[in-house]
Amino acid sequence: MRISYRIIQNSKKIDPLLPFMLPQCRTIQHANQELIWLKNHFQNSKSKLLKAVLQRYNGKPLQYILETQPFGDDLTIKCKLNVLIPRWETDDICNYINTKILKNYARTDKKVKIIDLCSGSGCVSLALKEKNPTFEIVGVDISDDCIQLATENKILNHLQDVQYIQGNVLRPSSSLMNVLTSEKDAKRVDMIVSNPPYVLHSTLPQLNVSVKKYEPSLALFGNLQFYENFVNVWSNHCDSFFYELGEEEQYLCVQNNLDSNVWSVFKWMDGNDKLRGVYGYRKNSNISKMFNI
Ligand SMILES: C[S@@+](CC[C@H](N)C(=O)[O-])C[C@H]1O[C@@H](n2cnc3c(N)ncnc32)[C@H](O)[C@@H]1O
């Protein structure tokens, strides 16, 4: 990366480790901030700090080096290889679900049950639990590493009544379905939330090197399969839903294929005004009266 003359003239003031941060961070400000975090974290060991800076130079994500990511209001989510690092867009979605949708449930005495499909590190289910301690929440993920880390994250954040089950969302076994929905009216839970793999393989060249090199492809790549699966399978088992997505086609897959006599469906835009979610509710359900959005 080229830098300005002014910065070169002031180079005596520059920390010698800073240039190693630049390839991944891109701006001096961002590089400085990350270097401060690394120095704070490894303040007792210069050799560990140097190792961490070199790892960062080679593209290892900061969260895998520091092993945590703050999430929600006050959560610390442990981050490990083979499990997706929680993203800011997902954090925004959890905040929206908590403040605009679930707050209506929180006002009732109803025993609310939520399923988090593709639960990964557990960040989504734990962010919902953090604000709704009486709700029952179950996360499902196909990866054993995810189930183990999500369980660790639940304990780390002192949250109870969140369960993580290993299972295939695209081909759920009857025993998984039973555990998830059996005791509910009409076998429907109140809400299904999901951040499924939705990055198109065709966008691989545009992905950041550290994402490509370090984050699990099982968590990243998908197209319509999880949205079709929601329409065909999971929509029969919930009164409302929120799915994160990255493409208009994924939104249309849900919007065009759910029966419009039964469902109200909406778009959700992220903080960069990019389409990032689809959500909705059954028109005849109790939650429809609560959707005061
Ligand atoms: C985009 S990540 C989301 C993780 C987490 N919810 C978050 O927001 O950070 C998608 C997750 O889906 C899981 N996954 C992929 N295919 C799956 C399948 N067929 N059934 C269940 N989980 C699956 C991956 O292991 C990964 O944890």
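Only the coordinates and a few stated rules stand behind these numbers; no lab work does. Remember, it's a predicted structure, so these values are computed and weren't measured experimentally. Here the Cβ is made from the backbone with ideal geometry for all residues, glycine too, and neighbour counts use every protein chain on show.
Some values worked out for this structure:
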| item | result |
| --- | --- |
| Charge dipole (the chain, unit charges on Cβ, about Cα centre) - positive-most of 284, 236, 143 | 143 |
| Order by protection proxy (mean Cβ within 10 Å, highest first), peptides 204-213, 51-60 | 51-60, 204-213 |
| Per-residue Cβ neighbour rank within 10 angstrom, fewest leading, 21, 191, 269, 177 | 269, 177, 21, 191 |
| Per-peptide average of other Cβ atoms within 10 Å, ordering 146-153, 28-35 highest first | 146-153, 28-35 |
| Spatially near lysine pairs across the stretch 67-164, Cα under 18 Å, sequence gap of 8 or more or different chains | 20 |
| Taking the stretch 5-58 and dividing mean pair separation by its residue count, relative contact order in percent (alpha carbons under 8 Å, at least six apart) | 38 |
| Equivalent ellipsoid dimensions for the stretch 5-58 as semi-axes, Å, which come from the Cα gyration tensor, largest first | 20, 12, 10 |
| Per-residue Cβ neighbour rank within 10 angstrom, fewest leading, 181, 134 | 134, 181 |
| Likely footprinting exposure, 285, 260, 47, fewest C-beta neighbours within 10 Å first | 47, 260, 285 |
| Selection of GluC sites (Glu not before Pro), the stretch 179-277, meeting DSSP coil and at most 14 other Cβ within 10 Å | 183 |
| Over the stretch 70-290, relative contact order from alpha-carbon pairs under 8 Å, at least 6 apart, % | 19 |
| Net charge dipole size for the chain [Lys, Arg +1 and Asp, Glu -1 on Cβ; Debye, nearest 20] | 1000 |
| Test item: Cα-centred dipole of the stretch 40-85, Lys/Arg +1 and Asp/Glu -1 on Cβ, debye | 360 |
| For the chain: span of alpha carbons on each principal axis (Å, largest first) | 69, 38, 34 |
